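**Student:** For reference, the structure I am asking about is given below.
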Amino acid sequence: MVKNESRFVVTIAGKEIEADRPEPIVSDIDVIPYNRRMGPRVAVDALVDGAFVLPVDFYSSGLAILNELKRFLETKYTDASFQGQRDLRSVFRELSHRLLLEVSNNRLRVKKAPEIGWLKQLYPELNDFLLPLPQIQGLNSSWQWHQKGISIPVLERKIHPFYGTYFPTRFEHLKLFETWLKQYKGEKKSAFDIGAGCGVLSFQLLKHGFGKVYATDSNPNAIIGLTEDLTKNRLVSKIDLKHGDLFVQPDSKTELIVFNPPWLPASHQLEGMDRAIYYDASLFPRFFAEAPKYLKPGGRVVLLFSNLLQLINPGESHPIEKELSGNERLTKELFMQMKVGTASKKTTRDQNWRAHEHVELWVLRN
């Protein structure tokens, strides 16, 4: 992996990959300077009126504005349903992204701000620019996860996800996959991990004796982060990374394809991490059309999914069941499920449906 110091670009296997990052605001825009003596409601009113607001004193001033904005919107959007809460988050996102902070020489200019290493790594060519505060928060929390690492029970080690890369915070689906891997008796020469993310499924496959894993992801940050992880842990020869959509036109077939797709259909334009959570209407048809081409005779496809969709929207069709009933490309060999844990007591969202949620493991054969 070779880095280009003028911007965050890495060269992997002769191909340049540029990291995704929050888009910096480098042009002159009109902003309302804010300090905490003004009171956060003044800033909220300005945001609602369409203005940009720039805290100039303390980092905590921006956080106070976000809290006031949330309280204000919760009085306007009182529908506690899943869709109602989605609407609330959409409006909050739109308005909160007009609340900006200034970055200068890889640091936030306000006082008592956190040190965020991503500002230096992702913006090496910029000295002064603006970013929305929610994106600063995302960079900060991502940096903390990256530095501290995340313990993954099925791996018995930590992972250190790169910025903008999805990583699991619940592990039932990984435990379900672990259970299946322990009973798997087929060949273990190679496997595909489609949409590898931070690489947990690939690492599980290696743990259970697979000789080679072809890991793909359309997110450049996932490929960059995995490259760093593989280099650090001397696994470069075991996992072949490819940046691109689904199978990225591989040269060979394999006995196993593993796919942990998003679990909810998209109702908005997908960008960034949304692609790891929501799927567009074409994802499953494209996957099922391509998968048989890359399976050896008698090969298997393993999908990790959830009944979350049916709990939230009972009228929505299950994409795996839809494939099995409408086509004969693959047949079901096994279905397993596991109940998920209860929602955190700290969450403010209505998640009563969690009591009925199960993660699913589907094994399909050609």
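Here, each number is a calculation from the coordinates, and none is a lab measurement. None of the values given here were measured: they were computed from a predicted structure. Counting neighbours? That spans all protein chains shown, and the Cβs are built from the backbone with ideal geometry, glycine included.
**Student:** Given a cut-off of under 8 Å on Cα pairs at least six residues apart, what relative contact order in percent is computed for the chain? The partial results should precede the final answer.
**Tutor:** Working: 622 pairs, mean separation 44.6, N = 366.
Reported as a whole number, the value is 12 percent.
**Student:** If you average the alpha carbon positions of the range 214-250 and of the range 75-109, how far apart do those two centres end up, in angstrom?
**Tutor:** Going from one Cα centre to the other spans 32 Å.
**Student:** Going by C-beta contacts inside 10 Å, put Thr169, Thr231 in order with the fewest on the left.
**Tutor:** Thr169, Thr231
**Student:** Only helical DSSP H runs with n ≥ 4 go in: add -39500 (n - 2.57) per run for the chain, normalise by residue count and round the 222 nm mean residue ellipticity to 500 deg cm²/dmol.
**Tutor:** -9500 deg cm²/dmol
**Student:** Taking a ≥ b ≥ c as the square roots of the Cα gyration tensor eigenvalues, with a/c under 1.5 meaning rounded and otherwise prolate when a/b beats b/c, else oblate, which class fits the range 150-365?
**Tutor:** Judged from the Cα gyration tensor, the range 150-365 comes out rounded (a/c under 1.5).
**Student:** Based on the Cα atoms of the range 27-128, what semi-axes does the equivalent ellipsoid have, where each is the square root of 5 times one gyration tensor eigenvalue, given in whole Å with the largest first? Spell out each step's value before the answer.
**Tutor:** Numbers: eigenvalues 145, 55, 31 Å².
That gives 27, 17, 13 Å for the three semi-axes.
**Student:** Here is a follow-up. Quick check on my link table: of Lys148/Lys182; Lys76/Lys111; Lys212/Lys322; Lys185/Lys293, which ones sit more than 26 Å apart, alpha carbon to alpha carbon?
**Tutor:** Going by Cα-Cα distance, Lys148/Lys182; Lys76/Lys111; Lys212/Lys322 fall outside the 26 Å limit.
**Student:** Same structure again: Which lysines, on any chain, are close to Lys339 with Cα under 18 Å apart, when same-chain ones fewer than 8 places away are left out?
**Tutor:** Lys175
**Student:** Antiparallel versus total DSSP beta bridges in the range 2-146: what percent is that, nearest 5?
**Tutor:** Within the range 2-146, antiparallel bridges account for around 75 percent of the total.
**Student:** Counting other beta carbons within 10 Å of each Cβ, put His173, His208 in order, fewest first. Write out the running numbers ahead of the final one.
**Tutor:** Working: His173 22, His208 15.
By the 10 Å Cβ count, ascending, the order reads His208, His173.
**Student:** Using the number of other C-beta atoms within 10 angstrom as an exposure proxy, rank Trp118, Trp145 with the fewest first.
**Tutor:** Lowest to highest Cβ neighbour count: Trp145, Trp118.
**Student:** On to the next question. One quarter of the convex hull surface, Cα atoms only: what value does that give for the chain in nm²?
**Tutor:** Mean projected area for the chain: 19.4 nm², to one decimal.
**Student:** Would you be so kind as to identify all helices of the chain, as entire DSSP H runs, whose Cα atoms reach 15 Å or more along the helix's own axis and whose mean Kyte-Doolittle hydropathy is at least -1.0?
**Tutor:** Membrane-span-like by this rule: 59-76, 82-96, 172-183, 220-232.
**Student:** Another question, if that's okay. Please find, in a Gaussian network model of the chain (springs between Cα atoms separated by less than 10 Å), the residue of Pro153, Pro261, Pro220 whose mean-square fluctuation is greatest.
**Tutor:** Looking only at Pro153, Pro261, Pro220, the largest GNM fluctuation is found for Pro153.
**Student:** Indicate, rounded to the nearest 5 percent, the antiparallel portion of the DSSP beta bridges found entirely in the chain.
**Tutor:** DSSP beta bridges in the chain are roughly 55 percent antiparallel.
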